[in-house]
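Participant: Dumping the structure here so I can ask a few things about it.
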Amino acid sequence: MKYNPQEIEVKWQQFWEESKFFHCSETGDKPKYYCLEMFPYPSGKIHMGHVRNYSIADVLAHFRRMQGYNVLHPIGWDAFGLPAENAAVKNGTHPATWTYANIADMRDQLKRLGFSYDWRRELATCDPEYYRWEQLFLIKFLEKGLLFRKKAFQNWCPTCNTVLANEQVEDGLCWRCESAVEQKELTQWFLRITDYADELLDDLDTLEDKWPERVITMQRNWIGKSVGAEIRFAVQGSAETITVFTTRQDTIYGATFLSLAAAHPLLDELVSGAANEADLRAFITTLLNADKREYSPELAEKRGMFTGRYCLNPFTGERMPIWIADFVLSGYGTGAVMGVPAHDQRDFEFARKYSLPVRVVIRPDGMETLAPETMTAAVPEAGIMVNSGEFSGLRSEEGKLRIADYLEKNGLGKRTVTRRLRDWNVSRQRYWGTPIPVVYCDRCGIVPEKEENLPVRLPLDMLTRPDGRSPLPDSPEFYRCSCPRCGGEARRETDTLDTFVESSWYFARYTDPRNSAAAFDPDKIAYWMPVDHYIGGVEHAVMHLLYARFFLKVLRDFGFIPESRVPREPFCKLLTQGMVLMGGKKMSKSKGNTVDPSEMIGKYGADTVRLFCLFAAPPERDFDWTASGIEGAFRFISRLWRLAVGLAGTVPVVAACGSGPEHAVLPQARELRRKEHAVVKKAGEDIAVRFQFNTAIASVMELVNLMYLVKDDIADDEGGKTVLGSALFTVLTLLFPFTPHLCEELRLRLGSPATLAESRWPVYSESALLLDMMTIVVQVNGKLRGKIDVPVDEGEEAIKSAALADAGVQKHIAGLAVKKVVYVPRKLVNVVAG
RNA sequence: GCGAGGGUGGCGGAACUGGUAGACGCACCGGAUUUAGGAUCCGGCGGUUUGUCCGUGGGGGUUCAAGUCCCCCCUCUCGCACCA
């Protein structure tokens, strides 16, 4: 009779597997609900972060099922990637062997946790049956010009021996191994995500209130749209012009110099033949090699050097010296900036350091005069244009439009939009990834592989080289091929795809994972998409979530996804869960502060581990793992176990919440029944509306506590027994999404033949929430002075009189005049006296 | 610097539309049970000069009533960061 989680959990896991309760269907008239967690990388072991993530998702999946939804809740493996190669080098195994062994281990661990997945839909991205469709997409990308090759300076990780996307460089370090990233000029494959920048930005508006605001903001900032103008400046003594980008064309009259990034293409010509050419070139080299790590813009003093050349301000006609400046970014805008020291802080600092003229051309609102001599900082605010020729007197906003018109009319420039977002570099010089389905032919050039030849299989009969380099470029059996177009001898691309490509569409493949004729059936994807609730870590706020949004839009435009039947966005609602910490720090092997989920399951059982992960804190917040915390969760489960087992045979098997008599004789029974309904209401709202599982669990604990309190008083009464039974089955039903094994076992022991996995979420009745008496709080001048119990249908005047008669009130209004009595229905009376 | 989210008992955290601050859990204390310990059940648990005041980072304000709304400030965490 003792609670033995090991025994009962495995039993129910087998039962669910055989019963197929958690298999979704594609027929029937139930509404669909697609619940998805970010699929794991098969690193070898499940960690607590996974357990938390999947426990959250499992609650939602169970809850929706119980509410009558047809729920898709799949799992799979993000199986390509570097760790497999590193482990392979270290252990002399093949990445595939390592990966599939890990998948097998982790699958067992997930099954031992009892999550309600539809295992039929499991997929692994390293399976050719998966990546063949990705290769098909890539061919379409190439045909549409959205996949292209470009030679450019790239982020190169010397440790991983591969390039990295912009999104994969954090503080100048590789996101994976934290090596310093170098700049290397290479020819690489890119996906033209910038073509979708506007759509990716605009559609963020539709996610407002559904995605965490910070994730939306991070994506907005990452795309970084700026609306402004390009202005061309003629270089004196040259036929060349320099184009700058600005969002503040209204300050053009205040532009007193021009600054160029060290990598600006015209710089070479500008400095040629200068008297101090050697110095200039040395300076340029210094800037190009500057270490971007540990760089803090506020602290670092701006550095620059005068090129000796001038250009003309087309508005003032004045000569503007052309400088090289370290604060100008080569990758943004045009790599050239007009210097307006009075109205831009960076330009101001630069001008003060190098004694360049400061000219005020905007008078900000609420400021009388602005004298360059006395300014200690730039004034970037908008205002009235001054010293600006025919534009003087205009407001900045109006001036921007008028200046832009003028630029366009006179061929000096044009309106333009600049974005921070760069195209996505997807080639990786690695082995364990999806081969890019392209060949190089001397006669035909770059030719995509024929669709009928897909998949281009990654050969599994070779090992990663000890230095980590891919064996593919050294494997003629892989790269030798015939040209799909002319049939002549050709060479296959040996770069593989960034693994973020696989995770950009897996959620779509889950809708039809065994389809061998197409990536997915249009009807199935139209039925299941979008993902209704997506749960994962906030670390994917930019990379994965941006790429996935991009892919859905592209697949729609390619016709793989029926446009009118699938929403614009892949993830309707996003929940970013917090981390599981230990001692205030992120769990990590190197710090030695990890807790192994398997060990915890062995000690307490899966239900306890799941319950604690959900009870310790609201899902979005980080929480600290504590030994006493999980003890507490176990204690609660054991307490419920004892209660239920103790009542088995005493209480009747009842069908649904509120089966107890409406008017039980015993007051304790009536109170328990009221609490039962109140908890059904609270727990349901906490799960469905607020996603606050901790408070949902807390309210069920309250109900259990009350049952302990009243059970001995009411168990001998017929009505009381029914109320007890009803409350008990309600507890088991409400807790089922959290601790399914326990609840199912207790349900059975109580003699109910109806499985909870197929049960409906209980429904509360509004009338059951009311008792015949209610407690009214009585305040004097806003301070609690007493409580009165009155019948629920008592009138306002009677309640006010009762409140005034209360001893505590009388004491505090003694000698005072009662000015006013405020009554808040069903809640309180406040006596205002003075 | 910009953006987002926090700051409530010894601790994790509740308080949803302004209406009993501290639900629930942990830790601690007491009682019952027990040879004992553990476990369990019951009770207590913000501070205090103990029947009274003070308490939600600090200071002002609105209100009959403020953790909640408004203004100013401090502080912590995360993200972005010389983006023109």
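Participant: Could you list, in sequence order, all residues of the range A:243-294 that are surrounded by fewer than 21 Cβ atoms within 10 Å (Cβ to Cβ), of a type in the set (Asp, Glu), touching a residue at least 12 places away in the same chain (Cβ under 8 Å) and part of a helix (DSSP H, G or I)?
Facilitator: A:Glu269, A:Asp279
Participant: Is it the case, given these coordinates, that A:Glu349 is surrounded by fewer than 20 Cβ atoms within 10 Å (Cβ to Cβ), charged (D, E, K, R) and assigned to a loop (DSSP other than H, G, I, E, B)? Please lay out each step first, then the result.
Facilitator: Working: surrounded by fewer than 20 Cβ atoms within 10 Å (Cβ to Cβ): yes; charged (D, E, K, R): yes; assigned to a loop (DSSP other than H, G, I, E, B): no.
In short, no.
Participant: Mind checking which residues of the range A:454-479 are modelled with pLDDT under 95 and either more than 27 Å from A:Leu164 (Cα to Cα) or among the charged types (D, E, K, R) (or both)?
Facilitator: A:Asp461, A:Arg465, A:Asp467, A:Arg469, A:Asp474, A:Glu477
Participant: Looking at the range A:413-431, is at least one residue touching a strand residue (DSSP E or B) at 6+ places or on another chain (Cβ under 7 Å) and assigned to a helix (DSSP H, G or I)?
Facilitator: no
Participant: Would you mind listing the strands (runs of 3 or more DSSP E) fully within the range A:94-199 where at least 2 residues are within 28 Å of A:Leu552 (Cα to Cα) and without any contact (Cβ under 8 Å) to a residue 40 or more places away in the chain?
Facilitator: Qualifying strands (runs of 3 or more DSSP E): A:147-157.
Participant: Restricting attention to the range A:717-736, does a residue exist that is of a type outside the set (A, V, I, L, M, F, W, C), under 19 Å from A:Glu7 (Cα atoms) and in contact (Cβ under 8 Å) with a residue 12 or more places away in the chain?
Facilitator: Going through the range A:717-736, the residues of a type outside the set (A, V, I, L, M, F, W, C) turn out to be A:717-722, A:725-726, A:730, A:733.
From the residues that got through so far, the ones that are under 19 Å from A:Glu7 (Cα atoms) too are none.
Within the range A:717-736 (the criterion being of a type outside the set (A, V, I, L, M, F, W, C), under 19 Å from A:Glu7 (Cα atoms) and in contact (Cβ under 8 Å) with a residue 12 or more places away in the chain), the answer is no, since none of the residues qualifies.
Participant: Looking at the range A:298-319, which of the residues that are more than 15 Å from RNA strand B (Cβ to nearest atom) and not in a strand (DSSP E or B) is surrounded by the fewest Cβ atoms within 10 Å (Cβ to Cβ)?
Facilitator: Within the range A:298-319, the first condition is being more than 15 Å from RNA strand B (Cβ to nearest atom), and the residues that meet it are A:306-312, A:314-319.
Applying the additional criterion that residues be not in a strand (DSSP E or B) yields A:314-318.
On the way: A:Pro314: 20, A:Phe315: 21, A:Thr316: 18, A:Gly317: 7, A:Glu318: 14.
The selected residue is A:Gly317.
Participant: Applying the selection to the range A:682-694, what residues are in contact (Cβ under 8 Å) with a residue 60 or more places away in the chain and either buried (at least 18 other Cβ atoms within 10 Å of the Cβ) or in contact with a Pro (Cβ under 9 Å, 6 or more places away or on another chain) (or both)? Before the answer, list the steps.
Facilitator: Filtering the range A:682-694 for residues in contact (Cβ under 8 Å) with a residue 60 or more places away in the chain gives A:684, A:687-688, A:691-694.
A:Gly684, A:Ile687, A:Phe691, A:Gln692, A:Phe693, A:Asn694, listed by residue number.
Participant: Could you tell me how many of the residues in the range A:778-807 are surrounded by 16 or more Cβ atoms within 10 Å (Cβ to Cβ) and near RNA strand B (Cβ under 8 Å from one of its atoms)?
Facilitator: 1
Participant: Return the total of residues in the range A:750-775 being in a helix (DSSP H, G or I) and of a type outside the set (A, V, I, L, M, F, W, C). First the steps, then the outcome.
Facilitator: The first filter runs over the range A:750-775 and keeps only residues in a helix (DSSP H, G or I), leaving A:756-758, A:766-769.
With of a type outside the set (A, V, I, L, M, F, W, C) added as a condition, the list becomes A:758, A:766-767.
Of the residues in the range A:750-775, 3 are in a helix (DSSP H, G or I) and of a type outside the set (A, V, I, L, M, F, W, C).
Participant: Which residues, counting only those in the range A:1-55, are under 19 Å from A:Cys743 (Cα atoms) and of a type in the set (Asp, Glu)?
Facilitator: A:Glu7, A:Glu9, A:Glu17, A:Glu18
Participant: A follow-up question, please. Of all residues in the range A:671-696 being within 8 Å of RNA strand B (Cβ to nearest atom) and not charged (D, E, K, R), which is farthest from the chain's Cα centre (by Cα)? Steps first, answer last, please.
Facilitator: As a first pass, look at the range A:671-696 and keep what is within 8 Å of RNA strand B (Cβ to nearest atom): A:682, A:685-686, A:689-690, A:692, A:694-695.
When the remaining residues are screened for being not charged (D, E, K, R), the result is A:689, A:692, A:694-695.
Values: A:Val689: 19, A:Gln692: 18, A:Asn694: 21, A:Thr695: 23 Å.
Applying the filter and picking the extreme gives A:Thr695.
Participant: Now for a separate question. List every residue pair whose Cβ atoms lie under 8 Å apart, where the two residues are 6 or more positions apart in sequence or sit on different chains, the first residue falls within the range A:610-637 and is under 27 Å from A:His533 (Cα atoms) and of a type in the set (Lys, Arg), and the second residue, located anywhere, is modelled with pLDDT of 90 or more and part of a helix (DSSP H, G or I).
Facilitator: A:Arg610/A:Val51; A:Arg610/A:Ser55; A:Arg610/A:Asp58
The values are calculated or read from the model by the stated rules, or taken from the named source; none is laboratory data. Since this is a predicted model, take the numbers as computed values, not measurements. Here Cβ is always computed from backbone atoms with ideal geometry, including for glycine, and neighbour counts include all displayed protein chains.
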